[in-house]
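Down below is the structure, laid out as structure tokens.
The values are calculated or read from the model by the stated rules, or taken from the named source; none is laboratory data. Quantities reported herein were computed from a predicted structural model and do not represent experimental measurements. Cβ placement follows ideal geometry from the backbone for every residue including glycine, while neighbour counts extend to all protein chains displayed. Only protein heavy atoms, including side chains, enter the accessible area calculation; ligands, DNA and RNA are left aside. Shrake-Rupley method; radii C 1.70, N 1.55, O 1.52, S 1.80 Å.
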Amino acid sequence: MLPILATMLATSAAQASTPPDFYGTDAPFAADAIYFVMTDRFVNGDPANDQRHQGGAHPTFNIPVAGAPDGRSANIGYLGGDFKGVLDNAGYIRGMGFGAVWITPIVDNPNEAFTGGDPVQWASKFTDRGKTGFHGYWGVNFYKLDEHLPSKNLDFAQFTAGMRTQGLKTVLDIVANHGSPAFTMPTAQPMFGQIYDNSGTLIADQQNLPPYQLDPVRNPLHRFYHAYDDLVQLSNIDDANPAVLDYFVGAYEQWIERGADAFRIDTISHMPTAFWQQFAQRIRAKHPGFFMYGEAFDYSPDNIGKYTWPENGGISLLDFPLRGRIAELFEHPDSDYASVLDRLYLTNGPYANPYELVTFYDNHDMARMNASDNGFIDANNLLFTARGIPAIYYGSETGFERGRAEHEGNRNYYGQPRIDAAPASPIYQHLKRIAQLRQQTIALQRGLMLPLHFAGDKAAFYRVYQHKGVHQLALVLLNKGDQPASFNVSEKLQPGHWKPAFGGSPIDVSDGGNLQTTVAPHDVQVYLLDAPATRPDLVAELARLMRECGHPRQ
């Protein structure tokens, strides 16, 4: 009995000495900040695939938006960006500190400009006449690669393999809610309102009919569609049809097999949670843990949180509620850091896990953030140190087209000269600095977030990761003001040898001591302590954060 008793006592002692788990998420994808590229608008790496003469009477290449003021422009035609343009600049993206690239949909889109709807004019919204599918969201064959993207020896599988050799994952933007514009054309156009299967067979066709004239009961070609409209003239796909689920699961499994590492789901809130639960279950049956995040363009967390719950598919989200506060905070220099606190939802919030949300301040569907260089710098300092997975829209590293909406330049062509010049931008320089730190710091990627001070121009918080034998505490200090800011931190401060991530002398903190420092204007300092959390009040608070991280009903 003595050997058994000794073993039991040794096991009990080992368990007692094992530090508790403290982490926000252990999802592998949380390590990777995301760079969002509208592929056609990034870089034209291969002019041979531009299809410059496509479209006949309704050409698709280089269509300026009418009514632009002097010195301004926007475009609704294709401009030549492709896989090669992204892959040629993978080193640029990775070098900034990103681990993943989100690209717009790659599936086949119509070969003409759309003749229905309302005409696109400068600053117009929800207008599509004269526009092309350069953005990729007007799918007609979800199994087929659009001809504007690949090059010789560079199809999607070769593209994703090439990105991986550069240290970058590929996030594929997917759509299941709608296809291409489907009605209001003066004369029906090829491909619009149609869907084709993997063999190229036509399986759905709205036939240029308004939705209320569709007859899904009697006409097999109408069965993919609801007989009511949703978004402008886009076909409204019927999520209740089992054939629809089969079609999209099959299509998107194909792209996973060819190298997609994660999905961004367009218009997720336009389809019910029952569809996404089935979709996620079937995708993850073959690809366990596959990461997905959806776009629910809604600033109410009560409306969108349900998509993250396990019973609804466990799909993460773009964090619109936090985005609203971030834009307000950094577009207005006299704003108060306290305004973001109630959108972090660190305990008993609406989401299954707030640490897996994708955080951002602008994208292709809204006006770009209208901030000064310092505003962008401050926004990035928060985005890359706070909870969540940061995503940056192409060009934001230089303040490209700041404040501009879709038909005012939001989606303009970026190009190689701007990329080559980017390192001279102060926004780029500070973004690279903080993004590379996140890339190297597990506490900033996955750690619990414990706010200490959010007021005026100053914010201070801990990020703590303690899991599977790895332990790291980070103290983040942010100053968005025009003057140096003094910090004196003592609350729940773990004693130890705190090292500054951006240079300077380490600070030794004794038991019950404090950490005093100054942060330069529009700057950040992060102090790191590679030790387990042992201070009792810190441990107690971290334990509470761990218990209450998700939605109370989970």
Boolean, GLN254 is touching a residue at least 40 places away in the same chain (Cβ under 8 Å) and under 21 Å from ASN109 (Cβ atoms): yes
Qualifying residue in segment 346-356 (condition: in a loop (DSSP other than H, G, I, E, B) and within 22 Å of TYR92 (Cα to Cα)): no
Residues (without any contact (Cβ under 8 Å) to a residue 60 or more places away in the chain and over 18 Å from ILE427 (Cα atoms)) located in segment 360-382: MET366, ALA367
Residue pairs meeting the criteria (Cβ under 6 Å; at least 6 apart or on separate chains; first within 12 Å of LEU317 (Cβ to Cβ), in segment 285-305; second part of a loop (DSSP other than H, G, I, E, B) and open to solvent by 40 Å² or more (accessible area, probe 1.4 Å)): ILE304/ASP298
Candidate set: segment 101-140, residues that are closer than 15 Å to LEU234 by Cβ and assigned to a strand (DSSP E or B); chosen: the one most open to solvent (accessible area, probe 1.4 Å): ARG129
Criterion violated by TYR143 - all others in (1) open to solvent by 20 Å² or more (accessible area, probe 1.4 Å); (2) within 19 Å of GLY200 (Cα to Cα); (3) part of a loop (DSSP other than H, G, I, E, B) satisfied: (3)
Candidates GLY294, GLY313, filtered to the one that is on the phi > 0 side of the Ramachandran plot, at pLDDT 95 or above and surrounded by 19 or more Cβ atoms within 10 Å (Cβ to Cβ): GLY313
Cβ-Cβ under 9 Å pairs, at least 6 apart or on other chains, segment 407-422 side farther than 18 Å from ASP362 by Cβ and open to solvent by 20 Å² or more (accessible area, probe 1.4 Å), far side in a helix (DSSP H, G or I) and at pLDDT 95 or above: GLN416/GLY85; ASP420/TYR92; ALA421/THR398
Top-ranked residue in segment 254-295 [being outside any helix (DSSP H, G or I) and among the charged types (D, E, K, R); ranked as farthest from PHE83 (Cα to Cα)]: GLU295
Among (1) closer than 30 Å to ARG544 by Cα; (2) assigned to a loop (DSSP other than H, G, I, E, B) - the single one ARG404 does not satisfy: (1)
Segment 449-468, subset modelled with pLDDT of 95 or more and part of a loop (DSSP other than H, G, I, E, B), residue most open to solvent (accessible area, probe 1.4 Å): ASP457
Tally, over segment 513-550, of residues that are part of a loop (DSSP other than H, G, I, E, B), surrounded by fewer than 18 Cβ atoms within 10 Å (Cβ to Cβ) and under 26 Å from the mean Cα position of the chain (by Cα): 1
Leading residue by the ranking (farthest from ALA100 (Cα to Cα)) among those in segment 436-448 that are touching a Gly at 6+ places or on another chain (Cβ under 8 Å) and crowded, with 23+ Cβ neighbours inside 10 Å: LEU448
Criterion (among the charged types (D, E, K, R), assigned to a helix (DSSP H, G or I), farther than 17 Å from PRO20 by Cα and open to solvent by 50 Å² or more (accessible area, probe 1.4 Å)) met by exactly one of LYS432, LYS499: LYS432
Filtered residues of segment 502-512 (kept if open to solvent by less than 60 Å² (accessible area, probe 1.4 Å) and part of a loop (DSSP other than H, G, I, E, B)): PHE502, GLY503
Selection status of THR170, surrounded by 19 or more Cβ atoms within 10 Å (Cβ to Cβ), in contact with a helix residue (DSSP H, G or I) (Cβ under 8 Å, 6 or more places away or on another chain), modelled with pLDDT of 95 or more and farther than 27 Å from ALA113 by Cβ: yes
In segment 168-184, the residues that are in a loop (DSSP other than H, G, I, E, B) and farther than 20 Å from MET38 by Cα: ALA182, THR184
Single match in ALA371, ALA338, ALA367 (criterion: within 19 Å of the chain's Cα centre (by Cα) and either under 18 Å from ARG446 (Cα atoms) or open to solvent by less than 50 Å² (accessible area, probe 1.4 Å) (or both)): ALA367
